[in-house]
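> Below is the structure I would like to discuss, written out as structure tokens.
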Amino acid sequence: MADNAVELSGVTKTFGMHTAVRDLELAIPAGSIYGFIGPNGSGKTTTIRMILRIFFPDRGRITVLGQPTGECADDRVGYLPEERGLYRKMKVNDLLRYYARLKGFRNCEGEIQYWLGRLGASDWGNRKIESLSKGMTQKVQFMSAVIARPQLLILDEPFSGLDPVNLELLREAIQEVRSRGTTIIFSTHEMDVAERMCERVFMIHNGNKVLDGTVSEIQRQFPADEVKIRLAEGQSVPSSIPGVVSIEDRGAFHHLKLDNGSLADSLLKRLANESRLEHFELLRPSLHNIFIRIAGPIAESTQKPVEQAS
Amino acid sequence: MQKILTIARREYQAMVATKAFAIGLAMMPILMLGGTWIPGLLKGMEKSEDRRIAVIDGTGQLLGPLKMIAERRNQMLPSAMEQSSSDKDGSSKELSKNEQEDRDARKAMGLEEIHRYVLEEVSPEGFDDEQRLALSDKIRNNELYAFIEIPADVLTAANMDLTSPAALQLPPIKYFAQDAALADAKRWAEASLNQLIKANRLSAAGVQPQVLLELERKSAVLGSGLFSRDENGVITSEEKPNELASIFLPMGIMMLMFMIVMMSAQPMLESVLEEKTLRISEVLLGSANANQLMTGKLLGNVAGSLTVFVLYAGGAIAMASWKGFADSIPFHVLPWFVVYQILAVLLFSSIFMAIAASVSQLREAQSLLLPVWMVMLLPMFVWFNVVREPNSTLATVLSFFPPSTPLMMTLRLATGAIIPLWQIALSVVLLIAATAVGVIAAARIYRIGILWQGKTPKITELLVWLIRNPTTARN
């Protein structure tokens, strides 16, 4: 197998006047877990559909598992679409068997039993999909994506609608699939999940790639602009400090947001001089904050000219 | 190929192994035949009763004979005949063959009369609106069924001015009842009274009524089978065709075609719509391309339609054999029926798939389906004309119009008339061509439509999907 499970180079896709994806370069190493993040309508699903060969790019090249994309769908790729994707009237067993056979995996009974047991669903086999709860449906959907032992697994929002227990179960299941050597791409809105699970994260916004790298690489690109402090008992945080945009009281700690360009060490000196400082922590921007910085309403307005230039 | 078969198998199971299918299978014949059987059944449950009819005979000569006619009619009613069936006297033998056939035909159409008419005399002396009101009230109170006013001059009215159209009519007899316009009793009174009036007027003119009866004897024209020479060289005539069978059998076979196409195309609409709205098509397209998907679904659908055919045709043949009608089963139609059925199911199911793919709700599909139904049902509007004249220009033209070919050709073939072989061949060729074009066009709309979410595309957009080259426009 090639080093990269998926490679996109110079990929552009337009729908009428709208450019969904622009000049996208992306390489997904084999065996990795790759997170796709981005606001709704940013081009995530279009990118996923191109990798799945449901859409063809207008320009550029896509290689999946060493094969340039052609007319045929690839049996080595498993896919879980965002929400639903199951026949409501079919029984769980029949449905899993059908999806496995569609991928050319005919000897699938053992695999079906394994996954039903693995996800605590052994006695659902003869139940119809329409009788399952949302969380149960989500698990069946996951099973239908992995049932044919794919080499590349694409999960679009796999965790939506799951309670914490099932979320953890599914997270473990994804890690298990990965340990078999499967490359995993998943898109999510839940940044903390992406931060915990993904080796690399890719963010697309308005059809452009805005982030691509490991979580710590990405965090390094963004200056730390938040400080967490605690003063000794009886001391109060001054209501305004030069270079600090906002001060948020969170009980035991205060979170200070730094002005652009202000340095944390000058703040530390200042606070240490003026009061008894018990705790001072420079917070790395979370993926969540980075996401909002890029896609938030303020970022939108400042980004416009850049977009026009490109 | 393996994928296509996998898809076909699921589609077949989804179509056949459902409660809706079993119910539909059972309901269809009930609904279709119900139209002819239920009125008959209801009629059978109706109890025969005496219908009292008052007659105000201004002539003073017609009531007596009319009573006799009513009496004779009452004796021939089925209920009366059942009662006297043990003592097999003359009454049933008196029914002429024509009368018997006429009654059979009326019985089949649910028009059998069962009520006895009992005539009562009301004196014409001083009969005025006051009495008319009294009789009308009696009718409203269900004490009387109707009353008939015969004008005094109906027998004697004479007008030598034959150039005036009004002079050709006798003074009218008036019939009063709650359902005066269409009642059986009114038709009976009209026929019987005119017969009596004619006899009376003839004898007044010096002609014996017997002469009239003699002159009025008719000869029936019997539809008969053609002659042919069998393998032993003996010339034989075919069975005389049963008139009822020759009308209703072709219609039944046409309806069977319609039911099968409907039962096949409708599930396709629902299945594609489900795959689209539940985003199943995305998963499927990750495993098979749009052409494999559509081919598989159509294959499963055709297999399902053949199942319906086998069940219905098998049931009908078994039923006919059991009832002793095995001879009238048109076995020669069956192979053609299957050919037309397969093509029709492919054509209509693919159109339904394209429609389902281009909408997002069943409701939106309805308006697009209407024209399709209309075109397909065209032969239903003219079936009676076609049964009478299977080789008329109308029938021939509709046979070559592919959407109506399946219904029209099976209807024509089932009449037993000789349809030129070139017409059958041409209609099949045209239908194959139309089916190919239809399936390809539907596939183009389908592959784009199944991933299309949000607003329903306009007709112009659908045309763009249709025309664009599918290999580059897969979005």
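> Counting only residues that are within 22 Å of residue A:75 (Cα to Cα), at pLDDT below 90, more than 10 Å from every other protein chain (Cβ to nearest Cβ) and surrounded by 24 or more Cβ atoms within 10 Å (Cβ to Cβ), how many does region B:256-312 have?
Of the residues in that region, 1 qualify.
> What number goes with the only condition from (1) within 24 Å of residue A:34 (Cα to Cα); (2) buried (at least 20 other Cβ atoms within 10 Å of the Cβ) that residue A:84 does not pass?
(2)
> Here's another thing I want to ask about it. Can you tell me which residue in region A:185-214 is farthest from residue A:59 (Cα to Cα), limited to those that are among the β-branched types (Val, Ile, Thr) and in contact with a Gly (Cβ under 9 Å, 6 or more places away or on another chain)?
Step by step, filter region A:185-214, then rank; the result is A:193.
A quick yes/no check of all residues on (1) farther than 22 Å from residue B:9 by Cα; (2) within 12 Å of chain B (Cβ to nearest Cβ); (3) modelled with pLDDT under 85; (4) in a loop (DSSP other than H, G, I, E, B):
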position	(1), (2), (3), (4)
A:70	yes, yes, yes, yes
A:99	no, yes, no, no
A:141	no, yes, no, no
A:144	no, yes, no, no
A:150	yes, yes, no, yes
A:165	yes, no, no, no
A:173	yes, no, no, no
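> Inside region A:87-97, can you point out the residues that are under 23 Å from residue A:162 (Cβ atoms) and either within 7 Å of chain B (Cβ to nearest Cβ) or assigned to a loop (DSSP other than H, G, I, E, B) (or both)?
Residues satisfying the conditions are A:87, A:88, A:90.
> Filter region A:116-126 down to the residues that are crowded, with 16+ Cβ neighbours inside 10 Å and touching a residue at least 40 places away in the same chain (Cβ under 8 Å) and list them by number.
Correct list: A:118, A:119.
> Limited to region B:450-475, what total is found for residues that are away from chain A (no Cβ under 13 Å), surrounded by 14 or more Cβ atoms within 10 Å (Cβ to Cβ) and modelled with pLDDT of 70 or more?
Number of matching residues: 2.
> Sort out which residues of region B:392-401 are surrounded by fewer than 22 Cβ atoms within 10 Å (Cβ to Cβ) and in contact (Cβ under 8 Å) with a residue 12 or more places away in the chain, and write them in order of number.
B:394, B:396, B:400, B:401
> For a quick check of your reading of the model, give me the residue pairs whose first member lies in region B:413-426 and is at pLDDT below 90, whose second is charged (D, E, K, R), with beta-carbon atoms closer than 7 Å and at least 6 apart or on different chains.
As it stands, the answer is B:419/B:412, since those pairs meet every condition given.
> For the condition over 28 Å from residue A:44 (Cβ atoms) and touching an Asp or Glu at 6+ places or on another chain (Cβ under 9 Å), what is the one hit in A:101, A:97, A:88, A:127?
Of A:101, A:97, A:88, A:127, the one residue that is over 28 Å from residue A:44 (Cβ atoms) and touching an Asp or Glu at 6+ places or on another chain (Cβ under 9 Å) is A:97.
> Here are some residues: A:106, A:84, A:76. Which one is facing chain B (nearest Cβ under 9 Å) and within 27 Å of the chain's Cα centre (by Cα)?
A:84 is the lone residue from the list that is facing chain B (nearest Cβ under 9 Å) and within 27 Å of the chain's Cα centre (by Cα).
> Among the residues of region A:9-68, which ones are in a strand (DSSP E or B), within 14 Å of chain B (Cβ to nearest Cβ) and aliphatic (A, V, I, L, M)?
Once the filter is applied, which keeps residues that are in a strand (DSSP E or B), within 14 Å of chain B (Cβ to nearest Cβ) and aliphatic (A, V, I, L, M), region A:9-68 yields A:11, A:20, A:21, A:62, A:64.
> Take the residues of region A:152-163 that are within 13 Å of the chain's Cα centre (by Cα) and assigned to a strand (DSSP E or B): which is surrounded by the fewest Cβ atoms within 10 Å (Cβ to Cβ)?
A:156
> Would you be able to tell me the number of residues in region A:176-195 that are in contact with a helix residue (DSSP H, G or I) (Cβ under 8 Å, 6 or more places away or on another chain) and at pLDDT below 90?
Within region A:176-195, residues that are in contact with a helix residue (DSSP H, G or I) (Cβ under 8 Å, 6 or more places away or on another chain) and at pLDDT below 90 number 8.
> I'd like to check something: does region A:5-12 contain any residue that is buried (at least 16 other Cβ atoms within 10 Å of the Cβ), of a type outside the set (A, V, I, L, M, F, W, C) and closer than 20 Å to residue A:158 by Cα?
No, region A:5-12 contains no residue that is buried (at least 16 other Cβ atoms within 10 Å of the Cβ), of a type outside the set (A, V, I, L, M, F, W, C) and closer than 20 Å to residue A:158 by Cα.
> While we're here: Could you tell me which residue of region A:127-139 is surrounded by the most Cβ atoms within 10 Å (Cβ to Cβ), considering only residues that are over 27 Å from the mean Cα position of the chain (by Cα) and away from every other protein chain (no Cβ under 14 Å)?
Here the answer is A:127.
> Tally time: how many residues in region A:109-126 are within 24 Å of the chain's Cα centre (by Cα) and outside any helix (DSSP H, G or I)?
Here the count works out to 1.
The values are calculated or read from the model by the stated rules, or taken from the named source; none is laboratory data. Everything numeric here is computed off the predicted structure, so don't read it as measured data. Heads up, the Cβs are rebuilt from the backbone with ideal geometry, glycines too, and the neighbour counts pull from every protein chain shown.
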